[in-house]
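The values are calculated or read from the model by the stated rules, or taken from the named source; none is laboratory data. In this text the structure is predicted, and so the values were computed from the model without any measurement. So basically every Cβ, Gly included, is an ideal-geometry build from the backbone, and we count neighbours across all protein chains shown. The area values use the complete protein model at the heavy-atom level, side chains included, leaving out ligands, DNA and RNA. Shrake-Rupley method; radii C 1.70, N 1.55, O 1.52, S 1.80 Å.
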Amino acid sequence: MSDLFFYGTLRHLPLLELVLGRPASKLEFAQATLKDHAVHSVQDQAFPMIVHEEGSLAKGLLLRGLSEEDQNRLVFYEGGFDYDLREQTVDLADGSISQALVFYPEPGLWNRGVLWSLQGWLDEWGAMTMLAAQEVMGFYGKVDAEKIARSFPSIRTRAWAKLAARQRATGDARDTAKDVIVHDRKPAYVNYFGMEEVALQHRQYDGSMGKVLNRSSLMQGSAVIVLPYDPVRDTVLLVEQFRAPIFLAEDPEPWMWEPVAGMIDPGETPEQAALREAEEEAQIALNRLEYAGGAYSSSGSSTEYLYLYVGLADLTKTIEDGGLATEGEDIRTQILPFSDFMDRVDSHGFKDLPLLAVAHWLARHRERLRG
């Protein structure tokens, strides 16, 4: 049996319950502090870190008598943040002290930000973290912690996309709480993408519940699609890169000409992601974004939702070193006169569906943008 001191997100009892797989009423815990330590936010991340800081006091929660299974579940979850356990002496409110294990980040891995606030984190990241934790703990006992750690960035991206999906109502009066019955739902695969399987019934148009359907879905985050357009020169910019799924389909031409595209990171708006991706992939700064609509890319197989944009820019140069090496990207660009671009669209010279969608939107709105 072990005692652990929690200073960060696991002080949020619903998250702790989810990770441990049992209610807080079954846990023995007390308020505690750790001397000469402070809890800071981690730059560009949605979780905190603890650091040695003379004279400071880190507030936290001491959990007593955790079983080996409890500790295994905690290590599995915290492993995604590259944290390890160390023993420390903590002070309790009644004046006593206790030995406890504390999760510390790998030295030098993260850069500290401002002092961390539990309430501030709850307001900004609590809902996303709960969704991410549900996916993570769904794989407990099925994959090793190292695989989950590699998948954590994508898991958080998918959780952020689910929050956005919850706000995507268009006025349909049907209620999934009444019109869909879920018999079983389970995670089937996790890596860069996720896969979920579900057995469900949904209400049919005659009012009855249909038969049980067994379905699976590729679980993805939301993405932005940006076609850079220069209204003065009347040109568009395309990016080309190798696409593994096209290769796996045995298409002999897996190098695809596409718009700028990329996943929306946790904390980002679609507009922020669009501006960032234009700089990363094509090394251009967009002057303005024109929203061309949003839609699910393949609603029968994937959760991916695309935000489509035309980005107004000064298009004067092409590159052959675009993208991020850390993400394995190798991108080049080309600039085409609008007339040549549409000739290739009409002659079926492109294979990327989002490119075709944005091309047709641009054709309808081009005169307005040029004016």
TODO: Might you tell me the accessible area per residue for region 17-101, computed with a 1.4 Å probe and given in Å²?
DONE: 49
Open item on the list: Full-extension gain between residue 30 and residue 13, please, as 0.36 nm times their residue separation minus the C-alpha to C-alpha distance.
Closed with: 4.9 nm
- [ ] Compare the peptides 44-50, 332-338, 307-313 by average per-residue count of other Cβ atoms within 10 angstrom and give them in order, highest first.
- [x] 307-313, 44-50, 332-338
Open item on the list: Using a 1.4 angstrom probe on the protein heavy atoms only, could you order 326, 89 from most to least accessible area?
Closed with: 326, 89
Open item on the list: So, for region 215-371, what is the accessible surface per residue at a probe of 1.4 Å, expressed in square angstrom?
Closed with: 50
TODO: State the answer as a single residue: which of 127, 358, 226 lies farthest towards the positive end of the charge dipole of the chain, with beta carbon charges of +1 for Lys and Arg and -1 for Asp and Glu, about the Cα centre.
DONE: 127
TODO: Calculate what fraction, in whole %, of the accessible area of region 278-356 sits on carbon and sulfur atoms when a 1.4 Å probe is rolled over the protein chains.
DONE: 46
Open item on the list: Checking the a/c ratio against 1.5 first, then a/b against b/c, what shape does the Cα gyration tensor give for region 1-113?
Closed with: oblate
Open item on the list: If packing is taken as the average number of other Cβ atoms within 10 Å across a peptide's residues, how do 287-297, 124-134 rank, most packed first?
Closed with: 124-134, 287-297
Open item on the list: Solvent-accessible area of residue 123, probe 1.4 Å, all protein chains present, reported in Å² to the nearest ten, please.
Closed with: 120
Open item on the list: Between residue 280 and residue 173, what's the calculated FRET efficiency when r is the beta-carbon distance and R0 is 41 Å? Round to 0.05.
Closed with: 0.45
- [ ] Report the charge-dipole magnitude of the chain in Debye, nearest 20, computed about the Cα centre from +1 at each Lys and Arg Cβ and -1 at each Asp and Glu Cβ.
- [x] 1260
Task: Positive-pole candidate from 141, 339, 322, dipole of the chain, charges at beta carbon - done: 141
Task: Segment residue 255-residue 91, extension gain: residue separation times 0.36 nm, minus the distance between their alpha carbons - done: 53.0 nm
Task: Protection-proxy order for peptides 314-322, 189-197, each taking the mean of Cβ atoms within 10 Å per residue, highest first - done: 189-197, 314-322
Task: Cα-projected label distance for residue 182 with residue 208, points at 7 Å along beta-carbon direction, nm - done: 2.6
Task: Which labelled figure in [x] 78, 58, 39; [y] 91, 55, 39; [z] 67, 47, 42 is Cα extents along the principal axes in Å, once derived from the coordinates - done: [x]
TODO: With the full set of protein chains in place, find how many percent of the accessible area of region 150-228 is carbon and sulfur; take the probe as 1.4 Å.
DONE: 53
TODO: Taking only protein heavy atoms into account and a 1.4 Å probe, give the accessible area per residue of region 159-201 in Å².
DONE: 71
